[in-house]
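The values are calculated or read from the model by the stated rules, or taken from the named source; none is laboratory data. Bear in mind that the values here come from a model prediction, so they are computed numbers and not experimental data. Reconstructed Cβ throughout: ideal geometry from the backbone, glycine too, with neighbour counts over all protein chains shown.
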Amino acid sequence: MEPVPHQSIQSFEDDAVLSAIINGIGEAVALLDRNWTFVYCNDTYLRWVGLPRSKVVGSKPFEFVKNFEKSVFYEPMKKCQIGREDVVKVSYSAILDTWLEMRCFPYGDGFVAFGRRAVPSMVKQQELAKKAVIDEQTQLGNKLGLEERLQTLLERRAPLSLILVGLDRLNEISGLHGYDTAEAALLEVASVLNSATASHETVYRITGDEFAVVVASDDIEAALARAEEFVEGLHRPILRGSSQVTLTAHAGVVTAPQDGDSVVVLLKRASLALRDARKMSKDLGKDSHVTLYRAELELASKRRAQLREELRAVISGTEFVLLYQPKVELQTGAISGAEALIRWQHPRRGLLTPGVFLDIARDSGLMPALDSWVMRAACEAIASLTAQGHRTVVSINLSVESLSNPEVCDILDGHLRATGADPKLLEIEIPEGALMQDLDTCLNVLTQFCLMGTQLSIDDFGAGYASFAYLAQFPVATLKIDRSFVTDLGRNPTNRTIVQAIIRLAHALGKEVVAEGAETEEELKTLRKMKCDKVQGYVISKPVPLEVLAEMVSRRGAKAPQPDPTSI
C-alpha cells in the first residue's frame, strides 16, 4: 500500500463530520510514518499526552514523551512497525493510571494506532492470560510462554537460538539445607539469568530445575558464548543466612532454522544437547559444560529408546549378571569383602557396563526392579560363599529411588529369608549425594537396614556434599573414598592431604575407610602409610565372576604380610 499523502490527511481534518466522529469515539488515534513521525493524531491523544498538536504532528514520540520506550504505547507500535502485523495488547498505564487496550495496524509504510480504556472483562482476561504464561515462583515466563514465543518467531521465519540451562544439586540443597534455602537459590538463579539477558533475549523457567533463554539470532558462535556466560554466572556461592550453597549448571544450544523448524523439534533437540552436556561434564570431571546440538545426538537418542524397550523386557533379570571386585585389608592382604557390580549380558551387544543402561533404567522408573534383582543375586552369592566356608562380605549399591522407598526393607528381608543369607555379610553402599535427597526417609530406611543386621557404607565419599556433621546422623560403619582422590595419590599432594584428612576424621568417628580405584603399587604403599583400612581397585583385581572370587578368597585369606615399617 502506498504511503498516506499529507494532502489526504489535510482533507480529512477539514471534513467536519469525519473529524467530529474521530474525536468523539473516545479513543486516541494516531498515524505514524515508517520513521515514527506523527502524520496525524486526534484530540483524545493530545489530551492523553498533554501537548498541543503543533508539538506532536511532525515530531517523533521519543522527542516529546520521556522514556517513551517504557510506555505502554511503544511495544505494540514497534511490533506492528517491524513485523507488519496487526497487534492488540492490554497494558496498565502508570501515567494515565488506567488499563489501556492498544490496537495497531500497518498502514502504507507506516502504521495507525488506536488506544482506549480497557473494560474490566478485558483486563481480567489479560491478567488470566498473563498468569497462564508466567511462572508464579520466579515471575519469569513459563513453558507455555516459551512455546508461544518460539512459535511467533518461527512463523515470522525469524532466526533464533534456544539455550536450555539445567541446574544440578537443587534437590540435594533442599534435603541438606531445607526448602527455603533451595527456593532462595532458585530465585537467585532466576534473578541472575534475567539480569544477564540483553534486549533481544528472553528467559523462561520451564521445569523445576531447567531454564530457557531465547535469543533473536542464529549466530552459533554467539549463542555458545552466551550459554557459557550464563552457566559461568550461575557457578557462584549463594548465601542464605549462615548457609552457603553453590549450584552448578549445564547448557544445551540449538538454532533455527538449522536445527529445526517447529517448537517440538527445537525443544527436543535442546534437551538432547543439555543431556549430552551433563554427560560430558561427568566424563570430563568438570563442574559445568555447554553442548551444541548435533545430528548424532538424535541417533543416540533413538538407540537409547530401543535399549529402554529391551531393558523393560528383561528387567526380571534373565540377562543380568553380577561380577565381584575384591576389597583387601591393607595390613594383612586378606580379602574381607567384595563389591557386586551389575552387568547386562546383551544377546547382540555383548556385556554392557552400568554406564550404558543405568541412566535409562532410572529415567524409565526401572531402578527399584533392578535393585531388587541385585539384592536377590547378592544374597544368593553370600549363601554360596558361606556354604564354601567363606565369611565374605558382599557389598551392593542401591539407587536413590529405592532408598526413598520404605518398602525396600521388606523386599530385602524377603530375599534374605528366601536365600538363607546372613544379613551381617551384606553391606549396602549408599552414594553420598543420595543421603541429601530425602534426609528423613533415608535415615528411617538405613536405620531399618541396621536393625536387620546389614552393614552400611557411604560410597564416593568426598566427591559429594555430605559432611561429617551429617554422618553422625546415619548409622554407617564405613566410608569409601572416591576414586578421584586415590588416583595419582603418590604424586598429588592435594589428594594426599584430602585422603589423610578423611582417614583421620573417619577413624575419630569410629568408622572404617575403604579407598576405591587404586591402580598402582605406589598408591597402595601410600594408603598403607596413611593407615587406610581397606582398598579396592585394579591393582588388586578387576571385577570377576563369583567362582573366581571364591578361589581368590581361599588363596589370599591366609596371607598376612608383615606391616610396613614406614607406616604412620
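Just a few scattered comments:
- Of all residues in region 19-38, those satisfying the criterion of being surrounded by 14 or more Cβ atoms within 10 Å (Cβ to Cβ) and of a type outside the set (Ser, Thr, Tyr) are Ile22, Asn23, Glu27, Ala28, Val29, Ala30, Leu31, Leu32, Asp33, Trp36, Phe38.
- If you go through region 450-494 and keep only what is in a helix (DSSP H, G or I), of a type in the set (A, V, I, L, M) and either crowded, with 22+ Cβ neighbours inside 10 Å or at pLDDT 80 or above (or both), you end up with Leu451, Met452, Val486.
- Helices (runs of 4 or more DSSP H) (entirely within region 362-424) containing at least 1 residues that are modelled with pLDDT of 95 or more: 367-387, 408-419
- In region 73-121, the residues that are in a strand (DSSP E or B), modelled with pLDDT of 85 or more and among the small types (Gly, Ala, Ser): Gly110, Ala113, Gly115
- If you go through region 48-72 and pick out every residue that is loosely packed, with under 13 Cβ neighbours inside 10 Å, under 52 Å from the mean Cα position of the chain (by Cα) and in a loop (DSSP other than H, G, I, E, B), you end up with 3.
- Those residues of region 335-385 which are free of Cβ contacts under 8 Å to residues at least 40 places away in the same chain and of a type in the set (Ser, Thr, Tyr), in sequence order: Thr353
- Just so you know, in region 164-188 the residues that are at pLDDT 85 or above and either out of contact with any His (no Cβ under 8 Å at 6 or more places or on another chain) or of a type in the set (D, E, K, R) (or both) include one that is nearest to Asp440 (Cα to Cα), and it is Leu167.
- Pick from region 280-318, criterion assigned to a loop (DSSP other than H, G, I, E, B), at pLDDT 80 or above and in contact with a Lys or Arg (Cβ under 9 Å, 6 or more places away or on another chain), ranking: farthest from Ala223 (Cα to Cα): His289
Table: residues versus (1) in contact with a strand residue (DSSP E or B) (Cβ under 8 Å, 6 or more places away or on another chain); (2) closer than 24 Å to Gln81 by Cβ; (3) part of a loop (DSSP other than H, G, I, E, B); (4) at pLDDT 75 or above.
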| site | (1), (2), (3), (4) |
| --- | --- |
| Ile9 | yes, yes, no, no |
| Phe12 | yes, yes, no, no |
| Leu31 | yes, yes, no, yes |
| Trp36 | no, yes, yes, yes |
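- Among the residues making up region 131-169, a single one is part of a strand (DSSP E or B) and hydroxyl-bearing (Ser, Thr, Tyr): Ser161.
- Test: residue in region 324-347 that is in the same structural domain as Gly537 (by TED's automatic domain parsing), within 26 Å of Gly537 (Cβ to Cβ), at pLDDT 95 or above and aromatic (Phe, Trp, Tyr): yes
- Positions within region 502-558 being within 22 Å of Ala378 (Cβ to Cβ) and assigned to a helix (DSSP H, G or I), in sequence order: Leu546, Glu547, Val548, Leu549, Ala550, Glu551, Met552, Val553, Ser554, Arg556
- Spans of strands (runs of 3 or more DSSP E) in region 228-278 with at least 2 residues within 17 Å of Ala295 (Cβ to Cβ) and either modelled with pLDDT of 90 or more or not aliphatic (A, V, I, L, M) (or both): 248-256
- Residues located in region 203-223, provided they are in contact with a helix residue (DSSP H, G or I) (Cβ under 6 Å, 6 or more places away or on another chain), modelled with pLDDT under 90 and not in a loop (DSSP other than H, G, I, E, B): Ile206
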